[in-house]
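Values quoted throughout were computed directly from the atomic coordinates according to the rules given, and no laboratory measurement underlies them. Owing to the predicted nature of the structure, the values given are computational and were not obtained by experimental measurement. So basically every Cβ, Gly included, is an ideal-geometry build from the backbone, and we count neighbours across all protein chains shown.
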Amino acid sequence: MRMVFRWYGEGNDTVTLEQIKQIPGVEGIVWALHDKPAGEVWALEEIQKVKEQIGKHQFHIEVVESVNIHESIKLGSPERDTYIENYKKTIENLGAVGVKVICYNFMPVFDWTRTDLFKELEDGSTALFYEKAKVEGMDPMELVEKISQHSSLSLPGWEPERLKHLKSLFEAYRDVTEEQLWQNLGYFLQEVVPVAEKNGIVMAIHPDDPPWSIFGLPRIITNKENVKRVLKLVDSPSNGLTLCSGSLGANPANHIPEIIREINREFPGRIHFTHIRNVRIYDNGDFIETSHRTQDGSIDMCDVVKALHEDGFTGYTRPDHGRHIWNETCRPGYGLYDRALGIMYLWGVWDSLERERRKA
C-alpha cells in the first residue's frame, strides 16, 4: 500500500506541503491543475511546474485526480472527438513527467453531492452530510447556491465555469439514458486506453457519489455489477478502478470488502487507487461522513483494509474526506488533522496485518 495525500496547490489549500511531510508514510501528492476547465489540454510546462514544486518536498506526483471529462464526451455530442483528442494530449504530457494513475469520473453535471458541508456530529466536529429527502425535493440551482456560499476555495466538481451552464446541461441530459451513458463511456475508453497504455498510465474510474441518480441524471458506476461492466468495456490493465469505500458504501447494499475481493479475483491488478473513508448510514437514506474508525460508521474499515492486504495490494491509497476538528478552517472534507488521523488508523490496521503475515 502506497500512501498519498490530496493537495489542491498553493493559494488553493489551507494545508501546506510542509505539514503533509510530517504525516508518517506519505510518499506522494495527489494533484491536479484545478484552474483548467474540462476539455483543455494540460500543457507540459504547467505540469512540470507542479512537479518541481512538489518535488522540493521529496514527494512524487504519480497520481492525478482528476483530468475532468468534458460534458460533450459524456453526452456523445458531435464535438466530443475534439475533446477526446485534447484528453489524449494531456495523457501524453502527464506520462512524460512520470504520472502513473489518472483518477477520473463519468458523472453527468455534478461530481459529489451533499446538502450540508458542516453538519455537526455528537463530539462537536463537523462533516459532509447528505439528506436524501432534501435532495429529492430541492431544485438543483438551490443546491448550487447553498454549496457555493460555504467556501472561498474551489470545490472539485462544483467549478463555476461548469455550473453557470447548469440549465442548458440539464436540458441536454433530459433524454440521455443510462445505456446511452454506458455507450459514451465505452467510446471514450476505447479511444484513450491505448494512449494510456503507450504512456505507462492507468485510467482509474471513480464511482458515482452517491451511487444513485441525482435530480434525474443518469448514474452508472454505482455497484459491483456495474464496476465489473466498466472493466470489461476495454480489457486492459490500463482500464481500472479507483475503489472509493465512501462513495459506493453510501448504499448499504454495496458490501465494500466483498466488492474488493470479487474484483481482485475476476480482474486481478485492476484496482489501481483507493479512497478509504467511513460513512454512517441512517435508515431514511441520509448519511454523514465520520472518522475512519470502523466503530464510528457503517463500513467495516478493518475488513476493507484486510481485503486489500490479502491480495498484496501495492497500489496507491489516500484517506478520503475527513471531519473538521480542533477548530480547523479548511476546504470542506479536506482539512489536515482528521485526514492525518485517518492515515494513522489505516497504517495501524495494515501494520497489524503485516505482522500476522510474518508470523504465519
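Please list, by residue number, everything in the range 264-297 whose backbone N is under 15 Å from a paramagnetic label point 7 Å out along Cα→Cβ of E258.
264
Which residues' amide hydrogens lie under 5 Å from the amide hydrogen of V279, considering only partners 5 or more residues apart or on another chain, with H built in the peptide plane?
T290, S298, I299
When the label point is put 7 Å from the Cα of Y187 along its Cα-to-beta-carbon vector, which residues of the range 69-100 have a backbone N closer than 12 Å?
Hits in the range 69-100 for Y187 at 12 Å: 72-84.
Label points 7 Å out from Cα along the Cβ direction at E45 and K359: separation in nm?
For the pair E45/K359, the computed spacing is 5.8 nm.
To the nearest 20 Debye, how big is the dipole of the chain about its Cα centre, given +1 on the beta carbon of each Lys and Arg and -1 on that of each Asp and Glu?
820
Which net charge results for the neighbourhood of E52, defined as the other residues with beta-carbon distances under 14 angstrom from its beta-carbon, given Lys and Arg at +1 and Asp and Glu at -1?
Counting the neighbours of E52, the net charge comes to 0.
Out of all DSSP beta bridges with both ends in the chain, state the antiparallel percent to the nearest 5.
Of the beta bridges lying entirely in the chain, close to 25 percent run antiparallel.
With runs of 4+ DSSP H residues as the only contributors, calculate the mean residue ellipticity of the chain at 222 nm using -39,500 (n - 2.57) per run, divided by the residue total and rounded to the nearest 500.
Dividing the helical sum by the residues of the chain leaves -11500 deg cm²/dmol.
Given the pairs K198/K306; K100/K224; K74/K232, which are separated by over 22 angstrom at their Cα positions?
K198/K306; K100/K224
Go through (i) 72, 60, 40; (ii) 69, 48, 47; (iii) 57, 47, 42 and flag the label whose value is the computed Cα extents along the principal axes in Å for this structure.
Only one listed value fits the structure, namely (iii).
Would you pull out the residues with amide H under 5 Å of H70's amide H, same chain only if 5 or more places away, H placed 1.01 Å from N?
Result for H70 returns G39.
So for each of 68-77, 2-11 I average, over its residues, the number of other beta carbons within 10 Å; can you give me the resulting order with the highest mean first?
Highest-to-lowest ranking by the protection proxy: 68-77, 2-11.
Which residue, C244, V4, S125, has the largest displacement toward the positive end of the dipole of the chain when charges sit on each Cβ (Lys, Arg +1; Asp, Glu -1)?
Selected residue: V4.
Relative contact order (percent) for the chain, with alpha-carbon contacts under 8 angstrom and 6 or more residues of separation?
This gives 18 percent for the chain.
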